[in-house]
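The structure appears below as structure tokens.
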Amino acid sequence: MLVTGGAGFIGSHLCQRLLEMGNEVLCVDNFFTGARGNIVELQKNPFFEILRHDITFPLYVEVDEIYNLACPASPVHYQFDPVQTTKVCVHGAINMLGLARRTKAKILQASTSEVYGDPEEHPQKESYWGRVNPIGLRSCYDEGKRCAETLFFDYHRQHGLRIKVARIFNTYGPRMLPNDGRVVSNFIVQALRGAPITLYGNGSQTRAFCYVDDLVDGLIKLMDSPDAVTGPINLGNPAEFAIRQLAERVLELTGSGSQVELRPLPADDPRQRKPDITLAREILHWSPSVELDQGLLPTVEYFRKLLVL
Ligand SMILES: NC(=O)c1ccc[n+]([C@@H]2O[C@H](COP(=O)([O-])OP(=O)(O)OC[C@H]3O[C@@H](n4cnc5c(N)ncnc54)[C@H](O)[C@@H]3O)[C@@H](O)[C@H]2O)c1
């Protein structure tokens with residue numbers, strides 16, 4: 001099984017699970033946001049192989065299944081080199097779809113809730129087409145991922161490829177990068193450093209967070225579903241939390257004395273974001289089972305160890 005972006009946050013957990021299930025795993029990564037540390041343990045397994053490669057260039061290997069996760073996922077990283085971000089999404093998809101076509105492999109795309117853009121519909125169902133700015137700072141990622149979905153469906157219709165498209169919502173857990181600017185890692189790192197917890201607005205805006213183990217279950221269930229199931233299918237945790245509640249949970253779990261500091265709400269900050277996972281429940285019999293506190297604990301422990309290194 002090929003996992004592109006396998007040294008990243010979600011990819012490394014996916015590689016680990018696939019190995020535990022008895023598969024042979026090839027991890028392809030250019031280490032832009034991935035880290036060797038994420039996969040160092042996996043390298044002890046003789047059925048695990050790493051290839052340093054940029055998927056914007058063609059790849060010739062023999063595989064049965066492809067999980068295409070390669071792409072920086074947080075705004076700070078995908079806006080660092082926006083042209084490369086679009087290339088990873090589009091050229092990367094073309095290269096991986098070409099590989100799937102040649103090897104007759106099944107291929108899964110890690111798409112994103114960002115394809116819904118700034119939605120007029122809450123929560124978002126897969127049938128919603130989205131409202132995306134084609135020329136903004138986030139467009140390299142949002143439009144790149146939308147184009148990748150188009151390519152997947154055209155390869156499916158035109159060449160009969162077996163495709164799976166997962167629209168992933170906010171996911172968190174160990175191996176996130178401490179500097180990726182996302183709210184869970186931000187709060188935990190601030191709390192562990194005793195720095196002020198920066199809360200935008202009054203903290204009443206809500207978010208839904210999926211623990212990485214749950215997400216990996218969903219990805220594998222989607223890959224293993226019958227060929228008629230192509231997606232797109234939402235994968236995420238619909239349990240909503242106010243950002244202030246998250247800050248309080250983090251303060252309690254870290255035992256930190258950090259103060260909460262209020263900042264003005266950015267103009268494009270959505271009030272609410274939550275997935276509708278009816279399809280995943282019905283078709284994949286999947287729903288997340290890890291509660292927020294349960295998932296925050298190992299995440300806090302991960303950052304605690306990382307920050308003393
Ligand atoms: N984490 C989330 O909440 C979330 C939400 C929606 C979608 N996703 C999608 O899931 C996937 C994985 O996200 P993540 O959070 O693990 O991010 P991540 O940044 O930790 O992982 C991405 C991996 O892809 C690698 N990569 C980047 N460009 C590459 C290239 N050109 N060639 C080869 N490898 C390359 C990086 O080095 C990294 O290891 C991404 O496609 C992302 O868009 C993630």
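None of the figures in this text is laboratory data; all of them are computed from the coordinates on show. Remember, predicted model here, so these are calculated numbers, not experimental data. All Cβ positions, even for glycine, are placed from backbone atoms using ideal geometry, and neighbour counts span all protein chains on display.
Calculated FRET efficiency, R304 and F80, Cβ-Cβ r, R0 30 Å, to nearest 0.05?
Working: r = 27 Å, r/R0 = 0.91.
E(calc), rounded to 0.05, equals 0.65.
Taking Cα atoms of region 64-116, Rg/Rh with Kirkwood Rh, to two decimals?
Radius of gyration relative to Kirkwood radius: 1.02.
In this model, which of K145/K305; K125/K305; K125/K221 are farther than 27 Å apart at the alpha-carbon?
On the way: K145/K305 34 Å; K125/K305 38 Å; K125/K221 19 Å.
Cα-Cα > 27 Å for K145/K305; K125/K305; rest within.
Looking at region 102-151, what % of the alpha carbon pairs are farther apart than 16 Å? Show your work: numbers first, answer last.
Values: 535 of 1225 pairs.
Result: 44 percent of Cα pairs exceed 16 Å.
Give the long-range amide H neighbours of R182: residues separated by 5 or more places, or on another chain, with amide H under 5 Å away, using H modelled in the peptide plane at 1.01 Å from N.
Here nothing satisfies the definition.
How big is region 170-231 by the Kirkwood estimate over distinct Cα pairs, in Å? Walk me through the numbers on the way to the answer.
On the way: mean 1/r = 0.0708 Å⁻¹.
Every distinct Cα pair counted, the radius reaches 14.1 Å.
Compute the convex hull volume of the Cα atoms of region 145-191, divide it by the residue count, and report the result per residue in Å³ as a whole number.
On the way: hull volume 4.5 nm³, N = 47.
That works out to 95 Å³ per residue.
For the chain, what does -39500 (n - 2.57) per DSSP helix run (n ≥ 4), summed and divided by total residues, give at 222 nm, in deg cm²/dmol to the nearest 500? Before the final figure, lay out each step's value.
Numbers: 8 runs with 112 residues, N = 309.
Mean residue ellipticity at 222 nm (helix-derived): -11500 deg cm²/dmol.
Any idea what log10 I(q)/I(0) is at q = 0.11, 0.13 Å⁻¹ for region 177-309, Debye with uniform C-alpha scatterers and no solvent?
Listed by q, the Debye log ratios stand at -0.46, -0.62.
Considering the alpha-carbon set of region 42-154 alone, what are its Rg and its Dmax in angstrom?
Rg then Dmax for region 42-154, in Å: 15.4, 49.
Binned at 10 Å from 0, what are the whole-percent values of the Cα-Cα distance distribution for the chain, short to long?
Result returned by the calculation: 6, 27, 37, 23, 6, 0.
Using a Cα-Cα cut-off of under 14 Å, which aspartates and glutamates could be cross-linked to K44, ignoring same-chain neighbours fewer than 8 residues away?
E20, E24
Check T171: other-chain or 5+ apart residues with amide H under 5 Å from its amide H, H built from backbone geometry?
The answer is C210.
In whole Å, largest first, what are the principal axis extents of the Cα atoms in region 128-253?
55, 35, 24
Which far-off residues, 5 or more places away or on another chain, put their amide H under 5 Å from the one on K274, with H placed in the peptide plane?
Answer set, sorted by chain and number: Q124.
Sequence gap at least 6, Cα distance under 8 Å: using those rules, report the relative contact order of region 153-309 to the nearest whole percent. Please report the intermediate quantities before stating the final value.
Working: 242 pairs, mean separation 53.6, N = 157.
After rounding, I find 34 percent.
When DSSP beta bridges are limited to those with both residues in the chain, what percentage is antiparallel, rounded to the nearest 5? Spell out each step's value before the answer.
Working: 3 of 35 bridges.
If we restrict to bridges inside the chain, about 10 percent are antiparallel.
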